Each structure stands twice: as structure tokens, then as C-alpha cells.
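Single-structure report; data block below.
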């Protein structure tokens, strides 16, 4: 447990690519850096099958491997990654107070790099059948669908990429797309190829309304079909499982009661130095308002934030902060 | 009798890595069963035990002297440190 006097140069909330990139920079400059991760180290990158557009890898790199490389690099320089959650950040002048699952601690600067998470559809059956036929992580759960038929909901880059990954296991995939497919050209090309092979069928203008399950002979309730609206009519898509990739939501729930300003969609607003309206609290990566939702951008922002934090701390140092340990 | 921990994983499961890291941070050892390297029957057995088609599945159990009948079994589906913590609370050195 954290002591009441525990103080660090920098606490980073999150341990995705942006957070880890920032930690590489700050730890190399001997800034005492602690990261808190409540989900997966590496963030969404870690649960992505393959990353083809991160510079430096001729053939691309597995998402989990990229995450592990970033983590290993940050830890090599001394980053302290803790599996826990930050529930609030409060401005106490030169120090920020953070409430965490390890207790209260203080930081001279904070970087919010909590990224984003896949949206849920919010339709009947989705929550009830989660893990029993409804999934949000193809790399985790795809292997359960060897020689099965699947539905993928969504038409963006993630949906297309994960559908292509799921074809390693599934015999056929129905893609349910609300409007149109909006994937990068290379993914679209690969999707078209799979459509021609009869492995994937893309259904445009489809809005899922309900996921239906039945209890089988062994007593397990499993997904059997998705009911959706197409052209004003209800259509049933029989399936063994549903994978949902319909966009991203910022992980800023813990900031809703803080003094940090969010935009209308819940993303964190920053100035050109990636600093929020709370002095000493910075933000980078997918959770920042205006983010491009690319791993390379998140890593670049993490490095930028680290440099701006160093400048901020140097300025604070010149102003002679009294450590909280001397105040308590 | 002592408790044992088995984590059922797949090769690309990032949440499984979190469970491994968390258990290691508590000083606990565990057995890993990668279902990508096992016959389909193993996957089916895990589905029946956990009631779920997802990984990680972490099983903490205590068996009788002859190693057959479980006298205690706790199954955690997914990366859920609160539930795992309750399952291993008496295994962690103070």
C-alpha cells in the first residue's frame, strides 16, 4: 500500500503506447515515474492482432509483441508499472493528489494517457451473453470459433482488421455495417478479396437490435443469432458468436468530477504543450481531444508530453517546491 | 493439501499476460495451458468449467491426496484482480 507521504516526480495514468513512450523519455532522464494501469499494459494495441503501419517494422508487428517491447523498454529504464486504478486527480498547487487503489499519493506532474476502449452497442442480450458469444477482443477469444460462423459488427479499420484475423478460425463471417465500410485502402483491398472468396459477406445499412441466445444440452447459454433492422425490416443473422468493433470511447470516467476540462465527447482538452487546464497535468494519446487514434501518433505525443513535463518540472524546481513529505 | 493455480490462455491473449504478471507480483507460481497448443477437447472442457468462451480462465483449486477430487475450486473468467485476489488470499505470504 502507498504511504500517506508517497510522492513522485510523475504519475502516468494508463500504460498504453503513449504512456509507455512518455515513460521511456522521463525515466531516461531520471524522473521518478510511476504508471497505473487498470486494464491491459499496451492498451488497445496489445489486443490488436497485427500492426502494419507502425514505423520501423518492415513486415509489421503483432500488437501484443509491440506492447511488450514498449513495456520492456520503459521498465529497462526504471518505469514502475503498477496494476491499479486512479479514481481522482486533485490540484493541490505544486503537487497533485491522486486517489488510487493503492491509496493516496502525490505527484509533481501527472500525465493522463488512459486511451480509449471499444464502445458497446447497448442492445438486449449484449451484456447477458458477454463471453458466451459476445466479444470485444478477437485475439483473446477468436480461437473458440474454429470452424464456426461469426458476425462482426462495425465497418471501420478495427472491424475489418479483426474480421480478417477471425478468418483464421471461422468458416464464414457476416459483417453488419450501419452505413458503409470506412477502412484504409489496404484493408479494404484485403476485405474485397475475402468477399470474392465467399469467406466474408458485408451487409450495409444494418443496425443490430438484439443478440439472441439459447441454452444448449450442456446447460450453457450461447448466442444463436443477431436480430437487426435493414431497410425498415427485421432480419435475423444466425451465428455462433458476435464480435463488436463500432468505435471508441475515451477512458475519462475518473475525470468527470475533477476540475479537468473535457470536450463534448468526453476527451481531454489540452493546449499546444499538451497541458490540460490544471497546471502540471498533461494528456497524450487516444484520450486527448483531437487525437488521430493511431499508435504512431500516440507514441509521438507521449514523447512530446514527456519533454513538456520535464520543462514544467524544471520551472517548478526553480520555484522551490516543498515536498509533501515535509508538509505532512 | 495445497492450492494450485492454472491459467488457460491463447497465444495472442493480452489479458492473460496481465493475470500472469499479477500472480507473479504476488510471488505465486502457476501452470499455463495454451489452448492453441492443445486438442479441441481441452477447449471444450474449459468452456464447460467456466461457462464462457473467453480467456483467460484462471482456476485455483485444491485436490485430495490422490489428486483426483477437487475439494476447492474457484474459477475466474477474464482479467479480474478483485475476484482473483479473493481466490488467492490465503496463498499470499504476509
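Selection within the stretch B:52-85: residues that are in contact (Cβ under 8 Å) with a residue 12 or more places away in the chain, outside any strand (DSSP E or B) and over 14 Å from residue A:140 (Cβ atoms). The member of this set that is nearest to the other protein chains (Cβ to nearest Cβ) is B:81.
Mind checking which residues of the stretch B:32-51 are more than 13 Å from every other protein chain (Cβ to nearest Cβ) and assigned to a loop (DSSP other than H, G, I, E, B)? Answer for the stretch B:32-51, where residues must be more than 13 Å from every other protein chain (Cβ to nearest Cβ) and assigned to a loop (DSSP other than H, G, I, E, B): there is none. Within the stretch A:247-264, one or more residues are modelled with pLDDT under 95 and touching a helix residue (DSSP H, G or I) at 6+ places or on another chain (Cβ under 9 Å). Just for the stretch A:91-113: of the residues that are in contact with a helix residue (DSSP H, G or I) (Cβ under 8 Å, 6 or more places away or on another chain) and buried (at least 19 other Cβ atoms within 10 Å of the Cβ), which one is farthest from residue A:42 (Cα to Cα)? Top of the filtered list is A:95.
Picking from residues in the stretch A:207-252 that are within 14 Å of chain B (Cβ to nearest Cβ) and not in a strand (DSSP E or B), the one that is surrounded by the most Cβ atoms within 10 Å (Cβ to Cβ) is A:239. Applying the condition of being within 13 Å of the chain's Cα centre (by Cα) and facing chain A (nearest Cβ under 8 Å) to the stretch B:11-20 and asking which residue is surrounded by the most Cβ atoms within 10 Å (Cβ to Cβ) yields B:16. The helices (runs of 4 or more DSSP H) located wholly in the stretch A:128-200 that include 3 or more residues which are over 26 Å from residue B:52 (Cβ atoms) and away from chain B (no Cβ under 14 Å) occupy A:185-196.
From the list A:26, A:48, the one residue that fits, being closer than 21 Å to residue A:287 by Cβ and either assigned to a helix (DSSP H, G or I) or away from chain B (no Cβ under 14 Å) (or both), is A:26.
For every residue, the table says whether it meets (1) within 14 Å of another protein chain (Cβ to nearest Cβ); (2) at pLDDT 95 or above; (3) outside any strand (DSSP E or B); (4) surrounded by fewer than 20 Cβ atoms within 10 Å (Cβ to Cβ).
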position: A:4; (1), (2), (3), (4): no, no, yes, yes
position: A:10; (1), (2), (3), (4): no, yes, no, no
position: A:22; (1), (2), (3), (4): no, yes, yes, no
position: A:35; (1), (2), (3), (4): yes, yes, no, no
position: A:55; (1), (2), (3), (4): no, yes, yes, yes
position: A:68; (1), (2), (3), (4): yes, yes, yes, yes
position: A:73; (1), (2), (3), (4): no, yes, yes, yes
position: A:89; (1), (2), (3), (4): no, yes, no, no
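The values are calculated or read from the model by the stated rules, or taken from the named source; none is laboratory data. Because the structure is predicted, anything quoted here is derived from the model rather than measured. A quick note on method: Cβ atoms are made from the backbone with ideal geometry, for glycine too, and the neighbour counts reach across all protein chains shown.
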